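Below: the structure, in structure tokens.
The values are calculated or read from the model by the stated rules, or taken from the named source; none is laboratory data. The shown structure was predicted, so the numbers you read here are calculated from the model rather than taken from an experiment. Neighbour counts are summed over all protein chains in view; Cβ atoms, including those assigned to glycine, are modelled from backbone coordinates with ideal geometry.
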Amino acid sequence: MKKNALNEVTLTFPSRSSNEGFARSAAACFAAQMDPTLNELEDIKTAVSEAVTNAIVHGYPDAIGTVTLKLRVCPGNILELTVKDKGRGIPDVEKARQPMFTTGGEERSGMGFTIMESFMDQLLVRSVPGRGTTVTMKKKLAPRLKTK
Amino acid sequence: MEIHAKSADRNLLLELSGEIDHHSARNAMRELEMAVDAALPKNLVLDMSRVTFMDSSGIALILKAQQRMQLLDGSLLVCHVPEQAKRVLDAAGIGRLVTIR
């Protein structure tokens, strides 16, 4: 465990689309310990769904590979989410982050990164063509009043 | 997710329910196209009230419906959008392209 993480979990799963639902539910379950609001939980589920779908669709377009989802609770009530694949990589990250840009065919909208950006506080995309992509997102959850 | 179709007088109502993500989108898109092709509606309404989760795959689905209705010279209305799905649509600025009520 990294020094500054208060708690963390790492999940690895094959890049099958049936795991998209699993990944976002698992992220929501893990985040529950931070006492999030319903909106915050939905934001987390949405962002994870987008990142994991990208890994599945774009990381491994022609094969089944491994997707790693890392969830960390950091000091300051910050949730850090990392979605990593060892797939094809993105040749031009800047371009991929543009709204409506997609190489994914008609059932994709090209809005994945835009939604991740808008639902999270911070989005970092690192990618090496042929080696894979790592998406790191951070969200600070609102402090809740303690009842006792 | 599931799509339930009701059609009358060239008005087609599609009630969407469950989770709309990439996993479910391909089937959903096919079902939507089949329902539209069968009814050839003048007005298409997508009722989202029973959608429990939606990511950007839902945007692609709505834009597909819009495209289909433009080909038929008809209208599309998206209604009863739950809070989470609404925020996804807002983040993508879909309200500028599609009528949402």
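Condition test on A:L11, is it at pLDDT 95 or above and buried (at least 16 other Cβ atoms within 10 Å of the Cβ)? Answer is no for this residue. Which condition does A:K84 not pass, out of (1) over 24 Å from A:P36 (Cα atoms); (2) surrounded by 13 or more Cβ atoms within 10 Å (Cβ to Cβ); (3) modelled with pLDDT under 95, if it passes all the others? Unmet condition: (3).
May I ask you to list pairs of residues, at least six apart or on different chains, whose Cβ atoms are under 6 Å apart, with the first in the stretch A:41-57 being facing another protein chain (nearest Cβ under 7 Å) and under 15 Å from B:T52 (Cβ atoms) and the second being of a type in the set (S, T, Y) and assigned to a helix (DSSP H, G or I)? No pair meets every condition. So for the stretch A:82-101 (the condition being of a type in the set (S, T, N, Q), more than 14 Å from chain B (Cβ to nearest Cβ) and either within 17 Å of the chain's Cα centre (by Cα) or over 24 Å from A:S18 (Cβ atoms) (or both)), does at least one residue qualify? Within the stretch A:82-101 (the criterion being of a type in the set (S, T, N, Q), more than 14 Å from chain B (Cβ to nearest Cβ) and either within 17 Å of the chain's Cα centre (by Cα) or over 24 Å from A:S18 (Cβ atoms) (or both)), the answer is yes, since at least one residue qualifies. Where helices (runs of 4 or more DSSP H) sit wholly within the stretch B:8-101, those with at least 1 residues that are out of contact with any strand residue (DSSP E or B) (no Cβ under 9 Å at 6 or more places or on another chain), of a type outside the set (K, R) and more than 27 Å from A:A23 (Cα to Cα) occupy B:22-39, B:56-71.
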